[in-house]
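Trainee: Sharing a structure here in C-alpha cells format.
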Amino acid sequence: MPLASIFEHMIFPIKNLLLYFLIYSFIVGCSTSIEDISSNVGVIGDSAMVASAHPLASQVGVDIMRKGGNAFDAAVAVQFALAVVYPRAGNIGGGGFAVIRESNGNIASLDFREKAPSLASKDMYLDINGEVIQGKSTVGRLACGVPGTVDGMYRLHEKYGSMSMSELIQPSIFLADQGFILTADEAQNLNRFQEDFKANNSWAIPTIKETAWQEGDSIYYKELAVTLSLIRDMGRAGFYEGIIADQIVKDLRRGGGIMTMEDLANYESKWREPVVGQYRNHKIISMPPPSSGGVALIQLLRGSEKYSFDNWGHNTPKTMHAMIELERRVYADRATYLGDPDYYEVPQEMLLSDEYLEERFSDIALNKKTDSKAIKEGIEGAIESVETTHFSIVDPFGNAIAITTTLNNYFGNKVMVKGAGFFLNDEMDDFSLKPGVPNQFGLIGAEANAIAPNKRMLSSMTPTIVEKDGRLLMLTGTPGGATIITSVYQTILNVIDHGMTMQESVNAKRFHHQWLPDKVLFEEGGFDPKVISELTELGHNLELIDGLGRMDCILVMEDGKLEGASDITRGNNTSLGF
Ligand code: DON
C-alpha cells in the first residue's frame, strides 16, 4: 500500500477529537499534581496513580483508568503515548521490560527486549585488526536490534487488558496527529541532536528545524500517527509485517543494516518468572535476565542486610562506603555471569544464594576501599549520561505495573524510519562487543553477553515492585544505563532504612559505583565536602556528575493512599492520580 493511501486510511472524526479534548481538559482539572519541588511529599491519590517522564503521558494513563481501565490498560496507553511525546526514549522502535503485581498478589514479568538480527555475528563491530569500531554499535543503521515494544504491548494486553487496544492507542494517535507543545527541556534536547538527526536522515523529519526549537513550539508527528493507526487497525501485524516492516528493512538497508522481514515477523516477547528476594522483611520483585537489574539489585540488598544503615545515616561516609563496596562486587559479577538466559546458562540461583553472597561480601572492610583490579581484571571506560524511561502505575483495583523502556541512547540510533515517523534503537551496543572492552556505559562483559543471532543483549533496566506483609508497598525504576541498578537500590534503602517519603527518596542526591571504572560518581549539590573528603581518605576516587537517573515511583502509604513521586528536580517527570 503506498503511503498516500495510508493517510486516507487514517480516519479521525473531528467529533472524536473534540470529545477527547473535553475529557482530557476535565481530567487535567480533576487530577492531583504538584509542582512544588520543595515539598517532602509527592502527589497523593486515593486509589490510582501514574508516574511517568512526561505530563501528557501520565495524563493519558489517568484518563484510561478514569474510564474504568486497569493499570495494564493504562500501561499500554502510556507506552504508546511516550513514543509520541517523549521520543528520545519512549518508543515503538525499541524494547523494554514490565514487572507486574496483580491485586491478588500474583506476579509476572514480561521481556519485550530487542533481539539481535538473525544475520548478526559475534565480531560484527570489530575491524580487521579485531578492534572495536567506535560508533558502529551506537549510531546508524547497524546499531539496531529487532524492536520488541509493539509485540510486548499486545502480549500485555492479551493477558491482562480490559479495554480495546484501539481505545488504548487512540490517545497517542491524537497527540501525534494534532501535535503538542514542547517544554523548555524538550526544545533544548531537540536542539542538541540536530546534527545527528541531519546526518542520519537525509529528508525532512519532524525533529529537524532550521531555527532553534523554543519552549512553547508545537510539534507534529503526522507519519507516526499513520503508523500508530495501522497498529491500531491491524494489531502487531501492522508493525511487524506489511508496509511498516518493509519501510524499516528498506531504511536500514540504506546504511548497511542487516535486519530482515523475517526477523521482524518472528519477533516474540516472553513471559518470564520474575526474580524475587527478601530485604528486611520486604519482598522484592524485579526483572530477571536478560536484564541484570533484578539479580544485581537483590544481591545488593541482601548484602546490605548486615549493615545498620538506619543508625549510620543517609549518605554518610560509612553508609556510602559499605554500599560502594557492595556495588563493586555485584557489578563484577554482572560482567562475568549475566546474559540472555536463552543462550547462556546464567547461574542465577548461585548468585542469589546465601552461601555465595556471604562469601562474596566477606572481604569488605569498613576502614578502606578494595581496589577493583583486585576483584577481577578489567579495562576502564567512560560513563555517559544517556536516556531511557521508566513509568509506574497503580489502579483502583490494586494492580501494579512497573515498566522501563528504551531506545538505548537519546533517540536511539538517530534514524527515523522514512515515512513511518519513529526512531529506531541502538540497543546492539548493550552486547559485549569484545570481551573486556567497555560499552558506552563503561560496562564490560564476556561470553555470557557476546553477540549471537536472535540473542537478547544484557540490560541494566530494573523495574521493581516491593511488597510488605503480603501487600503492595512500592514501585520504582529509572533510566540511567549502568546507574539504573544503584539508583533503584537507593530509592529502596531511602524508604525502608531511612524512613523517607517516596518524594524525599526520589529527590535525595544519589551516587554510583560499578566496579569498573573504579570511581564513585556523585551528584552535585547534595554531598557535604566533609563526606567527600572522608570517602577520599578511605581511598575512593570521586567524580561529580550532573544528574543520576529520573525516577518515577509510587508508594502505598499507611492509610492506603498512593504517593506518586516523580523526578521533578531532574526532569519534566510528572505523577498524576485520583
Ligand atoms: O538496557 C540497558 O541497560 C540500557 N540500554 C539502558 C540505557 C539507558 O538507561 C540510558 N539512559 N539513561
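Trainee: Name the single residue that is farthest from the ligand (Cβ to nearest atom) among those in the stretch 451-471 being surrounded by fewer than 22 Cβ atoms within 10 Å (Cβ to Cβ) and not in a loop (DSSP other than H, G, I, E, B).
Mentor: In this case the residue turns out to be Arg471.
Trainee: Find the residue count for the stretch 310-335, including only residues that are crowded, with 20+ Cβ neighbours inside 10 Å, modelled with pLDDT of 95 or more and among the small types (Gly, Ala, Ser).
Mentor: Result for the stretch 310-335: 1.
Trainee: Within 16 Å of the ligand (Cβ to nearest atom), under 22 Å from Met287 (Cα atoms) and touching a residue at least 60 places away in the same chain (Cβ under 8 Å): is that true of Asp426 in this structure?
Mentor: Details: within 16 Å of the ligand (Cβ to nearest atom): yes; under 22 Å from Met287 (Cα atoms): yes; touching a residue at least 60 places away in the same chain (Cβ under 8 Å): yes.
Yes, satisfied.
Trainee: Does the stretch 225-236 hold any residues that are open to solvent by 30 Å² or more (accessible area, probe 1.4 Å) and assigned to a helix (DSSP H, G or I), and which are they? Outline the logic, then answer.
Mentor: Just the residues of the stretch 225-236 that are open to solvent by 30 Å² or more (accessible area, probe 1.4 Å), to begin with: 232-234, 236.
Listed by number, the residues that qualify are Arg232, Asp233, Met234.
Trainee: If we scan the stretch 429-441, do we find a residue that is among the acidic types (Asp, Glu), assigned to a loop (DSSP other than H, G, I, E, B), within 21 Å of the chain's Cα centre (by Cα) and within 15 Å of the ligand (Cβ to nearest atom)? Steps first, answer last, please.
Mentor: Looking only at the stretch 429-441, we keep the residues that are among the acidic types (Asp, Glu), and these are 429-430.
Subsequent filtering for residues that are assigned to a loop (DSSP other than H, G, I, E, B) retains none.
Within the stretch 429-441, none of the residues are among the acidic types (Asp, Glu), assigned to a loop (DSSP other than H, G, I, E, B), within 21 Å of the chain's Cα centre (by Cα) and within 15 Å of the ligand (Cβ to nearest atom).
Trainee: Okay, next question. Which members of the stretch 472-482 meet the condition of being near the ligand (Cβ under 8 Å from one of its atoms) and either of a type in the set (A, V, I, L, M, F, W, C) or surrounded by fewer than 24 Cβ atoms within 10 Å (Cβ to Cβ) (or both)?
Mentor: Ala482
Trainee: I want to confirm something. Restricting to the stretch 344-354 and keeping residues that are more than 23 Å from the chain's Cα centre (by Cα) and not in a helix (DSSP H, G or I), which single residue is surrounded by the fewest Cβ atoms within 10 Å (Cβ to Cβ)?
Mentor: Restricting attention to the stretch 344-354, the residues satisfying the condition of being more than 23 Å from the chain's Cα centre (by Cα) are 344-345, 347, 349-354.
Those left that are additionally not in a helix (DSSP H, G or I): 344-345, 347, 353.
Values: Tyr344: 20, Glu345: 9, Pro347: 16, Ser353: 14.
Filtering first and then ranking leaves Glu345.
Trainee: Pick from the stretch 525-549 the residues that are acidic (Asp, Glu) and part of a loop (DSSP other than H, G, I, E, B): which of them is surrounded by the most Cβ atoms within 10 Å (Cβ to Cβ)? Write out each step before concluding.
Mentor: In the first step, residues of the stretch 525-549 are kept if they are acidic (Asp, Glu); the result is 528, 534, 537, 543, 546.
After this cut, where a residue has to be part of a loop (DSSP other than H, G, I, E, B) as well, the list is 528, 546.
On the way: Asp528: 11, Asp546: 9.
Here the answer is Asp528.
Trainee: Checking the conditions here, which among Asp552, Asp559 is open to solvent by 10 Å² or more (accessible area, probe 1.4 Å) and not assigned by TED's automatic domain parsing to the domain that holds Gln79? Show your work before the answer.
Mentor: Details: Asp552 fails: open to solvent by 10 Å² or more (accessible area, probe 1.4 Å).
Answer to the selection: Asp559.
Trainee: Here is a follow-up. Which residues, taken from the stretch 141-168, are part of a helix (DSSP H, G or I), surrounded by fewer than 24 Cβ atoms within 10 Å (Cβ to Cβ), touching a residue at least 60 places away in the same chain (Cβ under 8 Å) and not basic (Lys, Arg)?
Mentor: Asp151, Tyr154, His157, Tyr160, Met165, Ser166, Glu167
Trainee: Kindly provide the set of residues from the stretch 483-514 that are of a type in the set (Gly, Ala, Ser), open to solvent by less than 10 Å² (accessible area, probe 1.4 Å) and more than 15 Å from the ligand (Cβ to nearest atom), ordered by number. Before you say what the answer is, go through the steps one by one.
Mentor: Residues of the stretch 483-514 of a type in the set (Gly, Ala, Ser): 487, 499, 505, 508.
Still in the running and open to solvent by less than 10 Å² (accessible area, probe 1.4 Å): 487, 505.
Within the stretch 483-514, Ser505 is the sole residue that qualifies.
Trainee: Among the strands (runs of 3 or more DSSP E) contained in the stretch 239-319, which hold 1 or more residues that are free of Cβ contacts under 8 Å to residues at least 60 places away in the same chain and away from the ligand (no atom under 16 Å from the Cβ)?
Mentor: Working: elements: 270-272, 275-279, 282-286.
Per the criteria, 275-279.
Trainee: Another one. If a residue must be part of a loop (DSSP other than H, G, I, E, B) and within 15 Å of the ligand (Cβ to nearest atom), how many such residues does the stretch 410-423 contain?
Mentor: Filtering the stretch 410-423 down to residues part of a loop (DSSP other than H, G, I, E, B) leaves 410-415, 417-422.
With the extra rule that they be within 15 Å of the ligand (Cβ to nearest atom), the set shrinks to 410-414.
Result for the stretch 410-423: 5.
The values are calculated or read from the model by the stated rules, or taken from the named source; none is laboratory data. This is a predicted model, so every value here is computed, not measured. Methodologically, a virtual Cβ is constructed for each residue, glycine included, from the backbone with ideal geometry; neighbour enumeration extends over all protein chains shown. For accessibility, only protein heavy atoms count, side chains too; no ligands or nucleic acids. Shrake-Rupley method; radii C 1.70, N 1.55, O 1.52, S 1.80 Å.
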